[in-house]
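Asks: Before I ask anything, let me first share the structure, which is written out below as structure tokens.
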Amino acid sequence: MTIPRVRIAPSPTGPLHIGTARTALFNYLFARHVGGTFILRLEDTDVVRSTPEFEADILEHLHWLGLEWDEGPAAGGLPERGAFGPYRQMERRELYRAAAERLLAEDRAYPCYCTAEELDAERRRLEAARLPSRYNDRCAALTAAERVRFETEGRRPAIRFRIEPGIVAFDDMVRGRVEIDAAALGGDLVIVRADGTPLYHFGVVVDDAAMGITHVIRGEDHLSNTPKHILLFRALGYPVPVFAHLPLILNPDRTKMSKRKSQTAVKDYIAEGFVREALVNYLALLGWSTGTEEEILSIDELVARFDTDAIQKGGAIFDRQRLEWLNGQWIRRLADDDLAARLAPFLAAETAAGRADRTPSTAEIVGLLPMVRERLPVLGAIGDLVDFLHVDALAPDPALLVPKRWDAATARSGLLAARDAIEGAGAVGFTVLALEPALRGLAETRGWKAGDLFMAIRVAISGRTATPPLFESMVALGRARTLARLAHAADLLAG
């Protein structure tokens, strides 16, 4: 039995996209589930838009997601892995040249001397006539003399592949039997540019064959390309791999997810504080289901359960709220030391941005976890929850210090009374269990609603109307600083 070989082949023309990450994940899960090989290949023949920075972003974030490839390019100081390299297309140009020459020799391809201006004029003519865009076969049967004349004019030919007429049919692992008429493919296909670099359709076929790819698992947007690829596989005498086309990832309005309308870069989700376990878990459920009500699955559980028969055909809606919910679930599952280590960079960033005066130690972060763990949709939310604990001087907005049912005088009186109650109880009384009944009793004695008193205290100690639980926040702040902030807030209302 042939060991399955799958690949992810991103183009380093942008950062790692959520859609590419999902495709990489499905390939990874399939390979690990069936004992196959997961390959990374970089399709960098778009030399104008490909950059080392984008390549580094793709490699870094595939690694961050835990999608380690069995074969792939040298990266991060590690050597190239695998016997089918190189794994960058620009290092494989000799393979494409040899394959193109073979197609030319067999008259399955021909040189095309049409200029960009001529092709554009033909495209506009067809548009004006409301006809589908297709190549007009102008160079399909040039004589030797005509080719010499064009070359004498200085024209450098591209190479076009002859599209054979007829129905191209294949069995897709997701969509079942697919049949597409070659007449709908737009005519003969450019496979090599005039500068000698291969186009996507050609390079992907040559590379998939040379690397022994058995299964091509990719997005539904490639479905229309598949007949072209099958024709190229056949013309070159290569075995045709099995195809599986994954459903598109859609916005809530069912439009295709794109960087113009959506947050698509994986790095942006990492920067917000989504954890890898949650992002991998969520991406796996975009177009695939376990067939049960279970949603929280580790990558090992996903590998064990992955079944291509359970991949859906319809588009997968990207639900940001659902992702945040799942992220919160995974945050709550992390061990204290692990979660503290992941929160540390976000708290350091708060200090660097001037929103906090110091960064808490690991021990301090661990101590805060019971207060914040249940309230973190993303790691990046930690600053809004605890920054008030790490600033030396707090300047609350006097308007926020006054609850709706109170005036400034009542708010000042409430803050001073709360301070006196806390100070009178001494250090022994500064615990959650002691603070809450003492301050509720104060409100009852004065005839205030406890919520109004607590809101004034909350703003006084944090500068905000929403924080983690009030009494836990006071204990975390400490007795001395709590008393000082209550006194300072009262002074702000004195004028």
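The values are calculated or read from the model by the stated rules, or taken from the named source; none is laboratory data. Predicted model only: the values in this text are computed from it and were never measured. Backbone-built Cβ (ideal geometry, glycine too); neighbour counts: all protein chains shown. Accessible surface is based on the protein model in full, side chains and every heavy atom, while ligands, DNA and RNA are left aside. Shrake-Rupley method; radii C 1.70, N 1.55, O 1.52, S 1.80 Å.
Asks: Please specify each residue of region 446-472 satisfying the condition of being under 18 Å from I382 (Cα atoms) and touching a Phe, Trp or Tyr at 6+ places or on another chain (Cβ under 8 Å).
Replies: I461, S462, G463, R464, T467, L470
Listed here are the residues, each with its yes/no results for (1) at pLDDT 95 or above; (2) surrounded by fewer than 19 Cβ atoms within 10 Å (Cβ to Cβ); (3) assigned to a helix (DSSP H, G or I).
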site	(1), (2), (3)
P360	yes, no, no
I365	yes, no, yes
P377	yes, yes, no
G380	yes, yes, yes
D384	no, yes, yes
F388	yes, no, yes
A393	no, yes, no
V402	yes, no, no
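Asks: Looking at region 432-482, which of the residues that are out of contact with any Gly (no Cβ under 9 Å at 6 or more places or on another chain), among the β-branched types (V, I, T) and part of a helix (DSSP H, G or I) is surrounded by the most Cβ atoms within 10 Å (Cβ to Cβ)?
Replies: Once the filter is applied, the top-ranked residue is I461.
Asks: Only one residue in F233, F202 is in contact with a strand residue (DSSP E or B) (Cβ under 6 Å, 6 or more places away or on another chain), assigned to a helix (DSSP H, G or I), more than 30 Å from R332 (Cα to Cα) and modelled with pLDDT of 95 or more. Which one?
Replies: F202
Asks: Could you tell me which residue of region 73-97 is surrounded by the fewest Cβ atoms within 10 Å (Cβ to Cβ), considering only residues that are within 25 Å of R160 (Cα to Cα) and of a type in the set (D, E, K, R)?
Replies: E94
Asks: Looking at region 153-188, which of the residues that are under 23 Å from A244 (Cα atoms), in a strand (DSSP E or B) and not β-branched (V, I, T) is most open to solvent (accessible area, probe 1.4 Å)?
Replies: R177
Asks: Still on this structure, I have one more. Is there any pair linking a residue in region 483-495 that is without any contact (Cβ under 8 Å) to a residue 40 or more places away in the chain and part of a helix (DSSP H, G or I) to one that is crowded, with 19+ Cβ neighbours inside 10 Å and of a type outside the set (A, V, I, L, M, F, W, C), with Cβ under 9 Å and at least six apart or on different chains, and which?
Replies: These pairs meet every condition: D491/R412.
Asks: Of all residues in region 201-245 being farther than 23 Å from M90 by Cβ, open to solvent by 30 Å² or more (accessible area, probe 1.4 Å) and aliphatic (A, V, I, L, M), which is farthest from the chain's Cα centre (by Cα)?
Replies: Once the filter is applied, the top-ranked residue is V240.
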